[in-house]
1. How much length, in nm to one decimal, is gained on full extension between ASP67 and ILE201, taken as 0.36 nm per residue of separation minus their Cα-Cα distance?
2. Please express the Cα-Cα pair-distance distribution P(r) of segment 107-164 as a list of whole percents, one per 5 Å bin, running from 0 to the bin with the greatest distance.
3. For segment 57-188, state what percent of all Cα-Cα pairs lands in each successive 5 Å bin, counting from 0 Å until the bin that includes the largest distance.
4. May I ask for the Kirkwood hydrodynamic radius of segment 174-317, worked out over all distinct Cα pairs and given in angstroms to one decimal?
5. For segment 283-384, just list the percent of Cα-Cα distances falling in each 5 Å bin from zero outward, please.
6. Tilt of helix 28-42 relative to the longest C-alpha principal axis of the chain, in degrees (0 to 90, nearest 10)?
7. Computed FRET efficiency, Cβ-Cβ of LEU74 and VAL243, R0 41 Å: what is it to the nearest 0.05?
8. What is the percent of Cα-Cα separations in the chain that go past 38 Å?
Amino acid sequence: MAECFIFDAVRSPRGRGKKDGLLHEVTALELATQSLQAIRDRNTLDTAELDDVIMGCVDPVGEQGADIARAAVLKAGYAESVPGVQVNRFCASGLEACNMAAGQIMAGQSELAIGGGVEAMSRVAIGSSGGAWPEDPSIAIPAYFVPQGISADLIATLDGFSRDDVDAFAVESQKRAANAWASGYFTNSVVPVKDSQGLTILDRDEHMRPETTMQSLGALKPAFAEFGAMGFDSVAIQRYPQVEAMNHVHHAGNSSGIVDGAASVLMGSKKKGKALGLKPRAKIKAFASIGSEPCIMLTAPAEVTKKVLGRAGMTAKDIDLFEINEAFAAVVLRYIREMKLSPAKVNVNGGAIAMGHPLGATGAMLLGSVLDELERRDLKTALITLCIGAGMGTATIIERV
């Protein structure tokens, strides 16, 4: 099997996913376009050499529907010969896109490809694409469908994570993200979003609240208690009868932020990279996806981590840095506990609680950010993973070269 190398990775800053967010006037197409242009220009890339562009997008409807990857390829001025495809594995879509591109290269069916993702959540609201899983009783009932916030509170209840536990994790995420920005750790990969005149609209993650404290979070009411009272607590308890009552601990301050953003990762074979003068930064060691119980839905990162480690012939001790998407604080706390990890090796520069989670792009963003951090610390290996709606998990291991 051929090896797949990572040559470069870029991302936009994350804009606050509301009408007053700085990226609200920027379409998903423009976000994806600028991401593709940046990775082309940074690498003096002849785009005619590309075999594919694969982009994650979780709500591919309206202005970010109809295969936004191909539209962005055309708008970015890439060669007409470059195809594009949009993929959706919910929150792991961006990482899945990178894994699919890597799979093509490792199978010898592509030599150069881009994986990435985009989501303009201030313009196309989360859940806009609907779907059978939450709406069709023939699957919603047997799958014990509940909103993700109920699933996060179910994890906290079963694992005994208190409100103080999840809030303390959120404060630490904010602290780490603020330090990373202040120290310039993200400057290598973050490409400012510009307007039609070339003026910068946003060059920094907008969602962060570095002033966050336990006291300020303590003033927030649980966000999902009302959903629970509507009957979803009963659904969760029916599926998990060992739970006497739900402990609602999650709220906007300890859950991932709704934001806009895009990312692109350039990957290829060793032969193609050498021919184009591209310097490999890392290689894809292994990747995997799994399904998991859909009611609790957010517990798969540990199991998919075990699967991908086994596939790579590695153990958790062989991984220098871990990146797990901070969908909700309890998800990461459970992962750290189950995998017996030091918190000092996990999300070292903060995560989606502080910076936000642009659904289709997040996985590709995490891959690029952790690669930068491996280089900064002169470390070798990293594992990226995300929990996923409807009960799934995706993970990727990268190794510096």
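1. Between ASP67 and ILE201, full extension yields an extra 45.7 nm.
2. 4, 12, 12, 13, 13, 14, 15, 9, 6, 2, 0
3. Using 5 Å bins, I get a P(r) of 2, 8, 11, 12, 15, 16, 15, 11, 7, 2, 1 for segment 57-188.
4. That comes to 20.5 Å for segment 174-317.
5. 2, 11, 24, 27, 23, 10, 2, 0, 0
6. Relative to the chain, helix 28-42 is tipped by roughly 50 degrees.
7. With R0 = 41 Å, the Cβ-Cβ based efficiency is 0.20.
8. I get 14 percent for the Cα pairs in the chain exceeding 38 Å.
The values are calculated or read from the model by the stated rules, or taken from the named source; none is laboratory data. Bear in mind the structure is a predicted one, so any value in this text is a computation, not a measurement. Using ideal geometry, Cβ is built from the backbone for each residue, glycine included, and neighbour counts are taken over all protein chains shown. Surface accessibility is based on the protein's heavy atoms, side chains included, excluding ligands, DNA and RNA. Shrake-Rupley method; radii C 1.70, N 1.55, O 1.52, S 1.80 Å.
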